[in-house]
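Inspection log for the structure reproduced underneath, given as structure tokens.
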Amino acid sequence: AGGAYVPLDPAYPSERLAFMMADVQIPILLTQTHLCDRLPIHNQIVVNLDLDWPIISTHKKDNLSSQVNPENLAYIIYTSGSTGTPKGTEVPHRSFIGFMFGVDYIHLDAEQVWLQHSSISWDASTLELWPPLLYGGRCVLYPDKIPTPEKLSKIIQEQGVNILFLTTALFNLMIDTMPKGLLGVKQLVFGGESVSVPHVRRALELLPETQLIHAYGPSECTVFTSCYPIPKQLDKNVHSIPIGKPIGDRKVYLLDKDLHRIPIGCPGELYVGGASVARGYLNQPVLTREKFIANPFIEGDTLYKTGDLVRRLPDGNLEFMGRIDLQVK
């Protein structure tokens, strides 16, 4: 319809929610009765899904006419910066469309059952919510605030979840404690932290029918920048898991401090270009100019400065080596 959304996790501290709402100047709030006391409601139009169905049902069910173009804003996702102050990343439709359609990092279809367990305010939730809506699959909503191995295993098996995203920490915990709970998952995507090779080896042994995919990407570049489909067998001399190759239209550059290209095998800062790069940070022009720069190699393109130290391996895959700064991500 042309609007943009800002996901607000009710589990967040009230001060953080108040900051986000004030920063965006949210005009319409979609919520439920039991959540209203968590939100600083002032002049917003409140649509209460528990109380307002008699009004909602009077509206036409036809699709709304739309004037949306790829540069229109799709959503704003908040992440923390080095000071811990939330910063709103503005993601346009062009970025999200490239993440969802014509994908080469994962197989998406109408037979898939996703589990939505990530915080709604984290961009990983877009991967859990939108594929079932866009491809005709099913989305199972995790009923509790914090996922545990026991409850995850139970709901995965009961609901027939066959495609799943986990943070690396939760992946490790599941492999350590409840690996059988992941049986039936055909594609398991994980990322967000450094990978433990022993956990990957154990997962390959215990889940032979599951395709493991290691994903990397900052919110500023629309969820994932690169992915690595992990082979069914790892060589004995493998001591790290790459973050893979750029997906879709993403363009990646390993540059030094003077924006010169870094040779293969040498560490450099990772810059990301292409349609996946967000507009910038809401109401933070100085930080936007610092992190979103003109691409010196492609006229009219923008690069996002990730702050991540990466090297390119001889086979073209990227290896994450750490942070250049100490920014909280």
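Quick look at the values:
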quantity: Close pairs (6 angstrom Cβ cut-off, 6 or more residues apart or separate chains): without any contact (Cβ under 8 Å) to a residue 40 or more places away in the chain in the range 297-320, part of a loop (DSSP other than H, G, I, E, B) anywhere; calculated: Thr302/Val277; Gly307/Ile324; Gly307/Asp325; Gly307/Gln327
quantity: Exclusive hit being surrounded by 10 or more Cβ atoms within 10 Å (Cβ to Cβ) and closer than 14 Å to Ser219 by Cα, set Val68, Val91; calculated: Val91
quantity: Qualifying positions in the range 74-88 - under 18 Å from Phe165 (Cβ atoms) and either loosely packed, with under 15 Cβ neighbours inside 10 Å or at pLDDT below 95 (or both); calculated: Thr79
quantity: Condition met for Phe292 (aromatic (Phe, Trp, Tyr), closer than 30 Å to Ala203 by Cα, surrounded by 17 or more Cβ atoms within 10 Å (Cβ to Cβ) and modelled with pLDDT of 95 or more); calculated: no
quantity: Pair list, Cβ < 6 Å and 6+ apart or interchain, from the range 140-151 residues that are under 18 Å from Asp9 (Cβ atoms) to residues that are not small (Gly, Ala, Ser); calculated: Leu141/Gln116; Tyr142/His117; Pro147/His117
quantity: Qualifying residue in the range 222-237 (condition: more than 19 Å from the chain's Cα centre (by Cα), on the phi < 0 side of the Ramachandran plot and surrounded by 13 or more Cβ atoms within 10 Å (Cβ to Cβ)); calculated: yes
quantity: Top-ranked residue of the range 21-40 - restricted to ones that are among the hydrophobic types (A, V, I, L, M, F, W, C) and in a helix (DSSP H, G or I), ranked as surrounded by the most Cβ atoms within 10 Å (Cβ to Cβ); calculated: Met21
quantity: Among the candidates Phe96, Phe101, residue that is among the aromatic types (Phe, Trp, Tyr), surrounded by fewer than 17 Cβ atoms within 10 Å (Cβ to Cβ), in the same structural domain as Thr222 (by TED's automatic domain parsing) and closer than 23 Å to Gly217 by Cβ; calculated: Phe101
quantity: Pair list, Cβ < 7 Å and 6+ apart or interchain, from the range 9-20 residues that are in a helix (DSSP H, G or I) to residues that are hydroxyl-bearing (Ser, Thr, Tyr); calculated: Met20/Tyr78
quantity: So Ser240, is it in contact with a Cys (Cβ under 8 Å, 6 or more places away or on another chain) and either part of a loop (DSSP other than H, G, I, E, B) or without any contact (Cβ under 8 Å) to a residue 40 or more places away in the chain (or both); calculated: no
quantity: Conditions (1) touching a residue at least 60 places away in the same chain (Cβ under 8 Å); (2) surrounded by fewer than 19 Cβ atoms within 10 Å (Cβ to Cβ); (3) not in a loop (DSSP other than H, G, I, E, B); number of the one not met by Glu205; calculated: (1)
quantity: Any hit, the range 6-23, residues being among the aliphatic types (A, V, I, L, M), closer than 30 Å to Cys227 by Cα and in the same structural domain as Phe292 (by TED's automatic domain parsing); calculated: no
quantity: Residue check, Leu129 exposed (fewer than 15 other Cβ atoms within 10 Å of the Cβ), assigned to a helix (DSSP H, G or I), assigned by TED's automatic domain parsing to the domain that holds Thr89 and out of contact with any helix residue (DSSP H, G or I) (no Cβ under 9 Å at 6 or more places or on another chain); calculated: no
quantity: Within the range 138-184, tally of residues that are aliphatic (A, V, I, L, M), within 22 Å of Ile241 (Cα to Cα) and touching a strand residue (DSSP E or B) at 6+ places or on another chain (Cβ under 7 Å); calculated: 5
quantity: Considering residues of the range 164-202 that are part of a helix (DSSP H, G or I) and more than 23 Å from the chain's Cα centre (by Cα) only, the residue surrounded by the most Cβ atoms within 10 Å (Cβ to Cβ); calculated: Gly181
quantity: Qualifying residues in the range 57-115 (those that are basic (Lys, Arg) and assigned to a loop (DSSP other than H, G, I, E, B)) - the one nearest to the chain's Cα centre (by Cα); calculated: Lys61
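The values are calculated or read from the model by the stated rules, or taken from the named source; none is laboratory data. Just so we're clear, the structure is a prediction, and the values are computed from it rather than from any experiment. All Cβ positions, glycine included, derive from the backbone under ideal geometry; neighbour counts span all protein chains shown.
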